[in-house]
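Here's the structure, in structure tokens; my notes come after.
The values are calculated or read from the model by the stated rules, or taken from the named source; none is laboratory data. Quick caveat, the model's predicted, so the values are computed rather than measured. Every residue, glycine as well, gets a Cβ built from its backbone with ideal geometry; the counts of neighbours run over all protein chains shown. For the accessible areas, the whole protein counts, side chains as well, though only heavy atoms, and no ligand, DNA or RNA atoms are used. Shrake-Rupley method; radii C 1.70, N 1.55, O 1.52, S 1.80 Å.
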Amino acid sequence: MIKLKPKEILHTCILMLFFLVCSSGIQHEGISQDRGNQYHIWFNQPAEDWNEAMPIGNGRLGAMVFGGVNQERLQLNEESIWCRQGSYRDRKGEEVLPRIRELLFAGQYKEAEELARGKLMDERLPNGTNAYQTLGDLHIEYPDSGEYTNYRRTLLLDSALVRVSYTRDEVNFEREIFSSAVDDMVVFREIAGKNGKIKCQVFLSRPGEGEEIILDENRIIMKQHVENGQGVKYEARLQVFNTGGTIRVEEGRLIVENATALELRLGAGTDYFGKDPEMLCDASEAKGKGRSFDQMLSDHVNEYQGYFHRVSLELEGSLSNTMPTDERLAMLGEDGIDPGLANLYFNFGRYLLISSSRPGNMPANLQGIWNDRLIPPWNADYHININIQMNYWPAEVTNLSECHLPFLNFIGELRENGRRTARITYLSRGFTAHHTTDAWHQTALFGRPQWGFWPMGPAWASTHIWEHYLFTEDREFLEAYGYEVMREAALFISDYLVEHPETGFLVTGPSISPENLFVTPSGDTAAINMGPAMDLQIVWHLFTSVIAASEVLDRDQEFRSKLKDQMDQLAPVRIGTDGRILEWSEESLKEIEPGHRHMSHLYGLYPSPQYNWSETPAYMEAASNVLDYRLQHGGGHTGWSRAWMINFYARLKEGEKAHHHLQQLLAKSTLPNLFDNHPPFQIDGNFGGTAGIAEMLLQSHAGYVELLPALPAAWPDGKVKGLMARGGFQVDMEWENGTLTSAKVLSKLGNTLNIKYGGATSTIETEKGQVLALDHRLRGK
């Protein structure tokens, strides 16, 4: 038996007594208790599959909690468990690249594509990129199989805690599970309402073969060199503590008998960052030694709430807060209205970002950090043709700027391989990568042309660095790191641009409009052309960002001047005779799939600030026409694509349409646990939807802060606190009957505030730390 200190035993007894008296469960300071609010995702039954389980995470170490009564399962993840089964080669473009461009300019698209695929694209690896893999599973099997009552499983978003409670044989049981960034481990505790009622078997497992399992008195170690040595080495270490009863080792499991309380602590590490996994687990174990569960929980909640409580949203009018989340989703349907569910979804999105992306971590991948497979869909890698960018759309505006940093740092990590790709394949300086990459920073050109031949990923990703500066004005970050990454991305584009022989304008190419195909006038199908609209919009966004950053830092004047000259020569994005923005530069090219999920040629509408009603109304109208046409032909049918729609319509200031697509996202593309459904699960839609809700309430991309720019009728009353606007302005708002009643703006940086609401505008000089209280006319209160 593992002995606990007298104080710990006394404290456990007090908690047990309180459990019996209070039907709402064990109370902890800072943890909300009301099951029916905008912070709780909850169910009346255990998860039957992974898409009903509840995610927890501390940024790098996560779990999916199933809440089973007879068999509890925590599916485990550690962010750096990746295989490494090969890499692509950079193929030389010196001879073939000019010929491909020549064919494209001559309208010989099929011939150009065949040449590109045969001479420039590597297609050797069967699975595309290397895969992010599951750590494995923590199993807790209970011998009882009788009926149970009063079951409740809740994810408390404001505390980053899963709570499971039920009654069996007149005994109440309660579990609490969380992943602590403070103690760097997953922590589980179960308490029985009567002495000696916990009996279970505890063990670890992992899909596939090759893991080594070691057991001692109260500990299980699982370790492996994944994929037979083709990937990282990892170690996971589980400690089991009991109050009352006994623990023994038997046939690869720890057998717990007659305990009153059970606590499990799991740490894990890999050699991805060059450290010894065993030493990492030793350090984690040592750090937790002498710390009680309640100390760990209290520190975890306090640390987590330092992020989460920066923003709060309250949308009034929901009638279903007391319904389980799965029933609530089912009741919503396609045309239902549930402001509280939108509120819950927003909170869940921020929870997921905090839980999967912390400073010092790897960026959130296609599934955040949650994955139960060895080969997940699309390898759960880093798609940089929209998906990872969408993961970080809510970071700045929802006041989670630090959570943006893993992605910003990852962009720079692509440079070593990306410089070689730029030089060998494109005869260019700077760095590039293509539609997707992985933990090993793959940048080479591979796959099929319709998704692979797109060297614009770093150019788009680098604009996030400038966005981070616009919100924070972190000059030190920009000067020491950010500007150089942006500059190298722009240097590649500067070299990559070529003059169109007929128009004299500069265009990108060969390139694609991501994942879409067109029909040529001769009837051929192709993807590659010169100067697709999205490329030109990304060039505008990146070059204007680098120019502005150069001016802020007062450096690089010669390069700045060159970029300005190239922008003056850049081909304009064209509007077709039918009033739509042309996806490709030639109107004769017709899309094969008019309802395609990618709406790449609207990049200038969102996330870029290029188009707005004040300066480019013709493009705003043309963008609206694109959306109408896409939707008429089935567009927006994937989760992340629908989330993008919300942001588009928010920028168009069409609140009703933005809200409609939010409802469609919830009704058609959301799993029971509120994970986004591509299908299958893909986390980008969660983050895109969260950003869209924020964009409906606050915008600042057009040079001014606009309050409630796309407020729908379904949200007549509400309030929000803590949203961020560019320029370092933190905004609180309240509204009634669809009308702003008050706003409070904290100027974190002391910049001039240009603010707008409806027809009212105001310009206010501020001081750092000043708080402005404004009415609906934007006058001081």
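Leaving out ligands, DNA and RNA, what percent of the accessible area of region 319-364 is carbon and sulfur, probe 1.4 Å? Intermediate values should be presented prior to the final figure.
On the way: 760 of 1390 Å².
Within region 319-364, the accessible surface is 55 percent carbon and sulfur.
Taking the C-alpha atoms only, the angle from helix 96-105 to the longest principal axis of the chain is near 70 degrees. Sorting the segments 639-648, 624-633, 448-457 by their mean number of nearby beta carbons within 10 angstrom, highest to lowest, gives 639-648, 448-457, 624-633. With each label modelled as a point 7 angstrom along the Cα→C-beta vector, the Gln85-Leu749 pair spans 4.5 nm.
For the pair Gln71 and Glu587, the difference between a 0.36 nm per residue extended length and the Cα-Cα distance amounts to 179.8 nm.
Report the FRET efficiency, 1/(1 + (r/R0)^6), for Glu48 and Leu374, where r is their Cβ-Cβ distance and R0 is 25 Å, rounded to 0.05.
With a Förster radius of 25 Å, E is 0.70.
Report the full-extension gain for the segment Asp524 to Met331: residue separation times 0.36 nm, less the Cα-Cα distance, to one decimal in nm. Spell out each step's value before the answer.
Working: separation 193, 0.36 × 193 = 69.48 nm, distance 4.64 nm.
Using 0.36 nm per residue and subtracting the Cα-Cα distance, I get 64.8 nm.
Taking the inverse of the average 1/r across all pairs of different Cα atoms in the chain, what Kirkwood radius in Å do you get? List each step's numbers first, then the result.
Numbers: mean 1/r = 0.0364 Å⁻¹.
In the chain this quantity evaluates to 27.5 Å.
Roughly what angle does helix 483-496 make with the longest principal axis of the chain, taking Cα atoms, 0 to 90 degrees, to the nearest 10? With both axes taken from Cα atoms, the answer is about 40 degrees.
Can you tell me the FRET efficiency between Glu251 and Glu502 if r is taken as the Cβ-Cβ distance and R0 is 56 Å, rounded to the nearest 0.05? Here the calculated transfer efficiency is 0.15. A simple rule links phi to the HN-Hα coupling: the Karplus curve 6.51 cos²θ - 1.76 cosθ + 1.60 with θ = phi - 60°, which for region 605-612 gives 7, 7, x, 5, x, 4, 9, 7 Hz, with x for Gly and Pro. When a/c is below 1.5 the answer is rounded, else prolate if a/b is larger than b/c, else oblate, so apply that to region 290-379 with a ≥ b ≥ c taken from the square roots of the Cα gyration tensor eigenvalues. Taking the square roots of the gyration eigenvalues as a ≥ b ≥ c, region 290-379 is oblate. Ignoring lysines fewer than eight residues from Lys653 along the same chain, the ones with Cα atoms less than 18 angstrom from its Cα are Lys756. Principal semi-axes of the equivalent ellipsoid, √(5λ) from the alpha carbon gyration tensor of region 458-506, are 29, 11, 7 Å from largest down.
Find the relative contact order for the chain and round it to a whole percent, using C-alpha pairs within less than 8 Å whose residues are 6+ positions apart.
Details: 1796 pairs, mean separation 94.5, N = 781.
Here the relative contact order equals 12 percent.
Sort 140-149, 719-728, 679-688 by the packing proxy (mean of other Cβ within 10 Å over each peptide's residues), most packed first. Spell out each step's value before the answer.
Values: 140-149: 12.9, 719-728: 20.4, 679-688: 25.3.
Sorting 140-149, 719-728, 679-688 by mean packing, highest first, produces 679-688, 719-728, 140-149.
Ignoring ligands, DNA and RNA, what percent of the accessible area of region 501-624 is carbon or sulfur (1.4 Å)? C and S fraction of accessible area: 49 percent. Of all lysines in the structure, the ones whose alpha carbon falls short of 21 Å from that of Lys287, not counting any fewer than 8 places away in one chain, are Lys3, Lys5, Lys7, Lys223, Lys275. Over region 663-734, the fraction of Cα-Cα pairs per 10 Å bin, rounded to whole percents and listed from the shortest bin up, is 18, 40, 31, 11. Checking the Cα-Cα distances for Lys197/Lys289; Lys657/Lys781; Lys562/Lys590 against a 30 Å cut-off, the pairs over it are Lys657/Lys781; Lys562/Lys590. Partners of Lys719 within straight-line reach, counting lysines whose Cα lies under 16 Å from its Cα and excluding those fewer than 8 residues away in the same chain: Lys744. Overall, the chain carries a charge dipole of about 720 debye about its Cα centre when +1 sits on the Cβ of Lys and Arg and -1 on the Cβ of Asp and Glu, all other atoms neutral. Between Ala618 and Thr741, the FRET efficiency from the beta-carbon distance, with R0 = 25 Å, is close to 0.10.
Looking at region 679-781, the GluC sites (Glu not before Pro) that sit in a DSSP loop and have at most 12 other Cβ atoms within 10 Å of their own Cβ are Glu765, Glu767.
Once both labels are positioned 7 Å from their Cα atoms along Cα-to-Cβ, the gap between Tyr148 and Asp568 label points is 7.2 nm. Going by the alpha-carbon gyration tensor, a ≥ b ≥ c the square roots of its eigenvalues, is region 244-322 rounded (a/c under 1.5) or, if a/c is not under 1.5, prolate (a/b greater than b/c) versus oblate? Oblate shape, in that a/c is at least 1.5 and b/c is the bigger or equal ratio. The per residue volume of the convex hull around the alpha-carbon atoms of region 459-599 is 122 Å³.
Based on DSSP H runs of at least 4 residues, each adding -39500 (n - 2.57), what is the mean residue ellipticity at 222 nm of the chain after dividing by all its residues, to the nearest 500 deg cm²/dmol?
Numbers: 21 runs with 255 residues, N = 781.
Using -39500 (n - 2.57) per qualifying helix, the result is -10000 deg cm²/dmol.
Projected over all directions and averaged, the alpha-carbon convex hull of region 424-505 occupies 7.4 nm².
How many percent of the alpha carbon pairs in region 334-470 exceed a separation of 22 Å?
Of all Cα-Cα distances in region 334-470, 43 percent exceed 22 Å.
Any idea what the relative contact order of region 341-441 is, in percent, if you count C-alpha pairs under 8 Å spaced at least 6 apart? List each step's numbers first, then the result.
On the way: 108 pairs, mean separation 28.6, N = 101.
Across region 341-441, relative contact order equals 28 percent.
Can you tally the net charge around His661? Count Lys and Arg as +1, Asp and Glu as -1, for every other residue whose Cβ sits under 11 Å from the Cβ of His661.
Working: positive: Arg642, Lys657, Lys668; negative: Glu654, Glu656.
So the surrounding residues net to +1.
Accessible area per residue for the chain is 36 Å², calculated with a 1.4 Å probe on protein heavy atoms, without ligands, DNA or RNA. Is the C-alpha gyration tensor of region 594-726 telling us rounded, prolate or oblate? Criteria: a/c under 1.5 is rounded; beyond that, a/b larger than b/c is prolate, otherwise oblate. Note, shape of region 594-726 comes out oblate. Rounded to the nearest 10 degrees, the inclination of helix 655-668 to the longest alpha-carbon principal axis of the chain is 50 degrees.
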